[in-house]
Amino acid sequence: MKNILVFGGAGYIGSHTTYHLKTMGYNPIVADNLIYGHKESIPKGVSFEKVDLASPSQLEALFKKYKFDAVIHFAAFAYVGESVKEPAKYYRNNVVGTINLLDAMLAVNVKNIVFSSTCATYGEPEYTPIDETHPQNPINPYGQSKLMIEKVFADYERAYGLRWIALRYFNAAGAAFGIGESHNPETHLIPLVLRSIMGGGAINVFGTDYGTPDGTCIRDYIHVLDLANAHRLAIEKLGDFTGALNLGTGVGTSVKEIIAVSEKVSGKKCPVNWAARRDGDPARLFATSGKAREALGWIPEKNIEEIISDAWAWENERKF
Ligand code: UDP
């Protein structure tokens, strides 16, 4: 498999995966509507097509222009809070858009897809670490939209022979290749902590009374480069394995620990505002990813210090 369509390849995880694929000798082709993506984050020499999942005719033209061996699908709206306020936007783009993409693929007999899913498909954890058999009861339309697509894939596999792998990410972070995380608005903890350290005002720590050792929430932060590597391995395993895999490190890190590591990496103090809990935040979310190790031979390599020091380098040099 050489020609890989990276849909959403101008976004955070998509652009890192595009760089990684190129480095590994693949020919990635990026499609993106550039609503949230950055054209600057697409590597030089990689073909780019401005395409929106809402347009079946644009999709048809894309699949006529190139002969793709496989598709990696990152293109989704991913703001949990917004999904609660505007579910129609999320179901239209994330669900209907993916069905449009599948239609265009199947029309030209492209049957290989790797999909960005999320730990948000599990909802409130019933136990941790979360494995792939944990019940899936999403608590917001964003998680719901991703779960719906996993179900569509299973049906398309039975009916049309689709080969698919859904990767359920935990907390993506870090940077590589001279690009990094650049969301607008930014809601994620690590970039916000680093910006506070750089003089952007105090970080709001949402909740200090959780039932965790230091009272703050625990998450499983995973380096974007480890995620990129998992996507490449998944491309190589399509056909041998079908289904969903967790991508996490199995190591939980609290909000206070993130702040402490960020202070160590930067050598500066982080101003903190101890704030109230944010709605919908479970106390603990971390994964077992033994299944991904088994199915893909994937082993995450970067620890939290490396994640934060790469993110810190990006925050200091950011170009977009
Ligand atoms: N968080 C925080 N302040 C912020 C942003 C996030 O205390 O400004 C906490 C949030 O409550 C959660 C953790 O940091 O416990 C990670 O949040 P993030 O939004 O990065 O990812 P999520 O786990 O919600 O997908």
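The values are calculated or read from the model by the stated rules, or taken from the named source; none is laboratory data. Just so we're clear, the structure is a prediction, and the values are computed from it rather than from any experiment. As a convention, Cβ positions derive from the backbone with ideal geometry for all residues, glycine included, and neighbour counts pool all protein chains shown.
Summary table below
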{"read-out": "Residue within region 92-104 that is on the phi < 0 side of the Ramachandran plot and part of a loop (DSSP other than H, G, I, E, B) present", "value": "no"}
{"read-out": "Region 250-270 residues that are touching a residue at least 12 places away in the same chain (Cβ under 8 Å) and farther than 19 Å from residue 215 by Cα, paired with ones that are crowded, with 20+ Cβ neighbours inside 10 Å and polar (S, T, N, Q) (beta carbon under 6 Å, 6 or more apart)", "value": "none"}
{"read-out": "Of all residues making up region 62-90, the number that are closer than 18 Å to residue 113 by Cα, out of contact with any helix residue (DSSP H, G or I) (no Cβ under 6 Å at 6 or more places or on another chain) and part of a loop (DSSP other than H, G, I, E, B)", "value": "5"}
{"read-out": "Residue in region 155-171 that is surrounded by the most Cβ atoms within 10 Å (Cβ to Cβ), counting only those that are touching a residue at least 24 places away in the same chain (Cβ under 8 Å) and outside any strand (DSSP E or B)", "value": "170"}
{"read-out": "Residue within region 271-283 that is in contact with a helix residue (DSSP H, G or I) (Cβ under 6 Å, 6 or more places away or on another chain) and more than 14 Å from the ligand (Cβ to nearest atom) present", "value": "no"}
{"read-out": "Considering residues of region 208-218 that are of a type outside the set (A, V, I, L, M) and buried (at least 18 other Cβ atoms within 10 Å of the Cβ) only, the residue nearest to the ligand (Cβ to nearest atom)", "value": "217"}
{"read-out": "Output for region 80-130, where each listed residue is closer than 22 Å to residue 217 by Cα and surrounded by fewer than 17 Cβ atoms within 10 Å (Cβ to Cβ)", "value": "81, 84, 124, 125, 126, 127"}
{"read-out": "First in region 218-241 and free of Cβ contacts under 8 Å to residues at least 24 places away in the same chain, second anywhere and within 16 Å of the ligand (Cβ to nearest atom) and not β-branched (Val, Ile, Thr), Cβ under 9 Å, 6 or more apart", "value": "none"}
{"read-out": "Residue in region 303-317 that is assigned to a loop (DSSP other than H, G, I, E, B) and either touching a Leu at 6+ places or on another chain (Cβ under 9 Å) or free of Cβ contacts under 8 Å to residues at least 40 places away in the same chain (or both) present", "value": "no"}
{"read-out": "Some residue of region 235-250 being within 14 Å of the ligand (Cβ to nearest atom), within 21 Å of the chain's Cα centre (by Cα) and small (Gly, Ala, Ser)", "value": "yes"}
{"read-out": "Of all residues making up region 176-199, the number that are among the small types (Gly, Ala, Ser), at pLDDT below 95 and within 12 Å of the ligand (Cβ to nearest atom)", "value": "0"}
{"read-out": "Selected residue (criterion: surrounded by the most Cβ atoms within 10 Å (Cβ to Cβ)) from residues of region 275-291 that are among the hydrophobic types (A, V, I, L, M, F, W, C) and within 21 Å of the chain's Cα centre (by Cα)", "value": "287"}
{"read-out": "Given (1) more than 16 Å from the ligand (Cβ to nearest atom); (2) touching a Cys at 6+ places or on another chain (Cβ under 9 Å); (3) charged (D, E, K, R), number of the condition residue 264 does not satisfy", "value": "(2)"}
{"read-out": "Qualifying residue in region 254-271 (condition: at pLDDT 95 or above, within 21 Å of residue 13 (Cα to Cα) and in contact with a Leu (Cβ under 9 Å, 6 or more places away or on another chain))", "value": "yes"}
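Yes/no per residue for (1) more than 16 Å from residue 178 (Cβ to Cβ); (2) hydrophobic (A, V, I, L, M, F, W, C):
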site	(1), (2)
3	yes, no
16	no, no
25	yes, no
40	no, no
52	yes, no
64	yes, no
78	yes, yes
